[in-house]
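Coordinate-derived values only; no laboratory data. It should be emphasised that the depicted structure is a prediction, and the values quoted were computed from it without experimental measurement. Don't worry about glycine lacking a Cβ; one is built from the backbone with ideal geometry, like all the others, and counts go over all protein chains shown.
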Amino acid sequence: MKTAFDDLLHGLRITGQEELLPRFQGRITVEEKPDGSLVTSADHAVDACLRGLLGELFPGFAVLSEEQTRDAQQTVLSSDRPLWLLDPLDGTTNFAGGLPFFAISLALVDAYGVEFGATYDPVRDELFSVMRGAGLRLNGEDPPRRRHDHRELEQCIALVDCKRLPPDLAAALAVNPPYRSQRNLGASALEWAWLAAGRADLYLHGEQALWDSAAGTLMLAEAGGRMTDLDGGPVFRRSLDRPSAVAARSAELQERWLRWFDTRR
C-alpha cells in the first residue's frame, strides 16, 4: 500500500528532474548571502515546489528550509512539534559552477530525532531514503554491497572538508594523513549518503548545519555506521548551532578514527 512517504519520494524525484536539471543545463541567477554562501534561482524554485508538496502530503507540519531567514528558522525550532528540514539544493557552489555533484535533501524530525530522510541526486538519478528502524534504500532497494570492507585506516577513502577545520588539524591531515586517499565533493548531504552506501569509509567536516546532516546521519546509523562531533557530542542537533562531524561506516573504523584524533590533541 502506498503511503504519503512514497508519494513524497516520487515528488522529490520529479522535482529534481523538472526543476533542477533544466536549470543546471541552462542559465540561472546567482546571488551571495550575507554569510558568503551562494543561492541561485534553482534553490528558490525547488524550495517553493517542495514546500507545496509537503503542505499537500503532510498538512500542518512546519518546514524549516535553508532558504529561510535565521529568525524564521528559529521560530520553527522553538516548537517541540515534528518538522521538516529542507535543503532545496545541497551543493549550490557546485551547481553554479557546473560541477555535476549536488542534490535535494529532506528530513522529518520528531521528539526522538530524525524519523525519515531522503537525498536525491538528479544527475545520476539516485534516490537515497531511510526510515528509522527500516534501513537504508537506494532507489527503493538495498544498496549494492562493497567488494571489500576496509578495516585499517590506511586502507580507507576519507571524505574531508579541510576549510572549516582547526588549522593544526587541517595541517596534520595535509602532511601525514592516516588514510589512503581523500576527497572533498562539496555537497554534505550527498557525501553522508555516499558514506552510508559504502562509497567511502571515513568522514570529517568542521561545521555543518542541521539540514546538512539530518537525513545522512540517520542513513549512516541505519547502515551500521557511527558518528560524533570533534568533542564527542552528537552531530545532528535540533539547533542552529553548526557542529563538526567525525564519522565512519563501522563502529570498528570509528574507534580507530577517533583514536587518531586523540593523538592530535
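Using helices alone, what [θ] at 222 nm do you get for the chain, with -39,500 (n - 2.57) per DSSP H run of 4 or more residues, divided over all residues and rounded to the nearest 500?
After summing the helix terms and dividing by the residues of the chain, the value is -10000 deg cm²/dmol.
Output ³J(HN,Hα) for segment 66-73: one whole-Hz value per residue in order, computed from phi by the Karplus curve 6.51 cos²θ - 1.76 cosθ + 1.60 with θ = phi - 60°, and x for Gly and Pro.
4, 7, 6, 5, 4, 4, 5, 4
Taking each pair of different alpha-carbon atoms in the chain once, compute 1/r for the pair, average those values, and report the inverse of that mean as the Kirkwood hydrodynamic radius in Å to one decimal.
This gives a value of 18.7 Å.
Of the options PRO166, ALA45, PHE236, report the single residue whose Cα projects farthest towards the positive end of the charge dipole of the chain (beta-carbon charges: Lys, Arg +1; Asp, Glu -1).
Comparing the listed Cα positions along the dipole, PRO166 ranks first.
Take every Cα-Cα pair in segment 186-262 and report what % of them are more than 20 Å apart.
Of all Cα-Cα distances in segment 186-262, 20 percent exceed 20 Å.
Please report the spacing between the Cα centers of segment 73-132 and segment 224-265 in Å, no decimals.
Cα centres, segment 73-132 to segment 224-265: 20 Å.
Among DSSP beta bridges whose residues both lie in the chain, state the antiparallel percentage, nearest 5.
Counting DSSP beta bridges with both partners in the chain, the antiparallel share is about 75 percent.
Can you give the charge dipole size of segment 153-262 about its Cα centre, rounded to the nearest 20 debye, using +1 on the beta carbon of Lys and Arg and -1 on the beta carbon of Asp and Glu?
200 debye
How much of the DSSP bridge set in segment 153-262 is antiparallel, in percent, rounded to the nearest 5?
Around 50 percent of the beta bridges assigned by DSSP in segment 153-262 are antiparallel ones.
With everything on Cα atoms, drop me the angle between helix 41-57 and the longest principal axis of the chain, reported from 0 to 90° to the nearest 10.
Long axis of 41-57 versus the principal axis of the chain: about 70 degrees.
Loop-only check: which GluC sites (Glu not before Pro) in segment 137-224 are DSSP coil with at most 15 other Cβ within 10 angstrom?
GLU152
Tell me, THR217, THR92, THR228 in order of fewest to most beta-carbon neighbours within 10 Å?
Ranked by crowding around the Cβ, least crowded first: THR228, THR92, THR217.
Considering Cα pairs under 8 angstrom that are at least six residues apart, work out the relative contact order of the chain and quote it in whole percent.
Relative contact order of the chain: 15 percent.
Rounded to whole Hz and in sequence order, give me ³J(HN,Hα) for segment 152-168 from the Karplus expression 6.51 cos²θ - 1.76 cosθ + 1.60, θ = phi - 60°, writing x for Gly and Pro.
10, 4, 5, 8, 8, 9, 10, 9, 9, 9, 7, 4, 9, 7, x, x, 5
How high is the relative contact order of segment 4-138? Use alpha-carbon pairs under 8 Å, at least six apart in sequence, and give a whole percent.
Across segment 4-138, relative contact order equals 20 percent.
Note the angle between two axes, namely the Cα long axis of helix 4-15 and the longest principal axis of the Cα atoms of the chain, as a number of degrees from 0 to 90, rounded to the nearest 10.
The helix 4-15 is inclined about 90 degrees to the chain.
Under 5 Å between amide H atoms, partner at least 5 residues away or on a different chain: which partners does LEU64 have, H built in plane at 1.01 Å?
Excluding prolines and chain starts, which carry no amide H, the hits are TRP84, LEU85, LEU86.
Could you go through segment 24-32 in sequence order and give the Karplus-derived ³J(HN,Hα) for each residue, using 6.51 cos²θ - 1.76 cosθ + 1.60 with θ = phi - 60°, rounded to whole Hz, and x for Gly and Pro?
Per-residue couplings from phi come out as 5, 8, x, 8, 9, 8, 10, 10, 10 Hz.
Report the paramagnetic label zone for SER37: residues of segment 83-101 whose backbone N is under 17 Å from a point 7 Å from Cα along the Cα-to-Cβ axis.
Inside the label zone: 84-97, 101.
Compute the helix-to-body angle for 251-262: its Cα long axis versus the longest principal axis of the chain, expressed 0 to 90° and rounded to tens.
For helix 251-262, the angle is close to 70 degrees.
Where does the longest stretch of the chain lie that holds no chymotrypsin sites (Phe, Trp or Tyr not before Pro) found in a DSSP loop with 14 or fewer other Cβ atoms within 10 Å?
113-265
Hey, got the dipole for the chain? About the Cα centre, +1 on K and R Cβ, -1 on D and E Cβ, debye to the nearest 20?
640 debye
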